[in-house]
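Read the structure below first, then the notes.
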Amino acid sequence: MTLPSPVLLLWDIDGTLMVSGSAGRRALSAALQSTFGIDDPLDDIDYGGRTDRWILRQILSKFALPHDEATAERLFANYFRFLPAALSPTTTYALPGVQALIREAHARSQLTQGLLTGNMPQSAEIKMRYNGLWDYFAFGAFGDLHERRNDLGPLALQRATQRSGIPFQPSQTWIIGDTPHDIECGRALGAKTLAVATGSHDIDSLRCHSPTAALGTLADTAAFWRIIDGQ
């Protein structure tokens, strides 16, 4: 079915499109040890729905490290170095229905899709290439520029418009994610939100945050398109 007007889908990555078995946390812990000689599993940091910039600030504050770009660049350079080895075929995979949905969305002429993620561009690409998803996304708003996820929404709209030539409005936009932070981000933008219970939050807890729609998983691709198409 052809959509009656242009629609923008903005996807979260971790817990929505794929899981990586806490590879990011392990890689960050290894980077912390390699960069500063600090051995800590970083299990006490809330990663869900956060940006890498926010996570970085928690790490720097926890260990009284300098809050400057030089320190950030050193830590993240090692993070990107350790991340590929932290990914494993048994724990890193696209979630059910995702590959079909991404291909179908890519084929729809009236639909544009991009990423809205707390990942840095480099870590997003490493994770998504592992599952063959990266090349379906021509743009994204990433966690390298803002600490607050809510600040990424306007940037994503701007980049979508620049890429497609379509002046997307929030009312034409769906933010798809697995945490309350994704729902809050969509609400702050004025966009529609689709919450998916494939991360650490079950569908009832997600519904408490009043998304536009909610699904247990993306495995039922027809159910996904009924929501997006307004049926």
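At-a-glance table
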item: Hz values of 3J(HN,Hα) by residue in the stretch 26-36 - Karplus curve (6.51, -1.76, 1.60), Gly and Pro given as x; result: 5, 5, 5, 5, 5, 5, 4, 5, 5, 7, 10
item: Assigned charges on the beta-carbon of Lys, Arg, Asp, Glu; the stretch 54-186 dipole about Cα centre (debye); result: 200 debye
item: Ranking of Leu87, Leu206 by count of other Cβ atoms within 10 Å, fewest first; result: Leu87, Leu206
item: Positive minus negative residues near Gln33 (Lys, Arg vs Asp, Glu; Cβ under 9 Å); result: -2
item: Relative contact order %, the chain, counting alpha carbon pairs below 8 Å whose residues are six or more apart; result: 25 percent
item: Amide H within-cut-off set for Met18, under 5 Å, with H built and near neighbours excluded; result: Leu95
item: Integer Hz, Karplus 6.51/-1.76/1.60 couplings in order for the stretch 143-157, x for Gly and Pro; result: x, 8, 9, 9, 6, 8, 4, 4, 6, 7, x, x, 5, 4, 4
item: Loop-located trypsin sites (Lys or Arg not before Pro) in the stretch 140-231 whose Cβ has at most 13 other Cβ within 10 Å (DSSP); result: none
item: Bridge type composition, the chain - antiparallel percent by DSSP, nearest 5; result: 10 percent
item: Placed amide H near Gly140: partners under 5 Å, 5+ positions off or other chain; result: Leu115
item: Amide H contacts under 5 Å for Ala219, placed H, 5+ residues apart; result: none
item: Fewest-first sequence of Ile228, Ile175 by Cβ atoms within 10 Å of each Cβ; result: Ile228, Ile175
item: Choice from Phe36, Phe142, Phe168 with maximal GNM fluctuation in the chain (Cα, 10 Å cutoff); result: Phe36
item: Structure-derived Cα extents along the principal axes in Å - corresponding label in [x] 51, 37, 35; [y] 163, 34, 31; [z] 56, 35, 34; result: [z]
item: Folded to 0 to 90 degrees: helix 180-189 orientation relative to the chain principal axis, Cα; result: 60 degrees
item: Phi to ³J(HN,Hα) by Karplus 6.51 cos²θ - 1.76 cosθ + 1.60 over the stretch 169-179, Hz, x for Gly, Pro; result: 9, x, 5, 9, 10, 10, 9, 10, x, 10, 10
item: In degrees, nearest ten, helix 69-86 long axis to first principal axis of the chain (Cα); result: 70 degrees
item: Rounded, prolate or oblate (a/c below 1.5 giving rounded, otherwise prolate when a/b exceeds b/c) for the stretch 1-71 by Cα gyration tensor; result: prolate
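Values in this text are rule-based calculations from the coordinates and carry no lab data. Given the structure is predicted, the values throughout are model-derived calculations rather than measurements. Cβ sites come from the backbone with ideal geometry, for glycine too, and all protein chains shown count toward neighbours.
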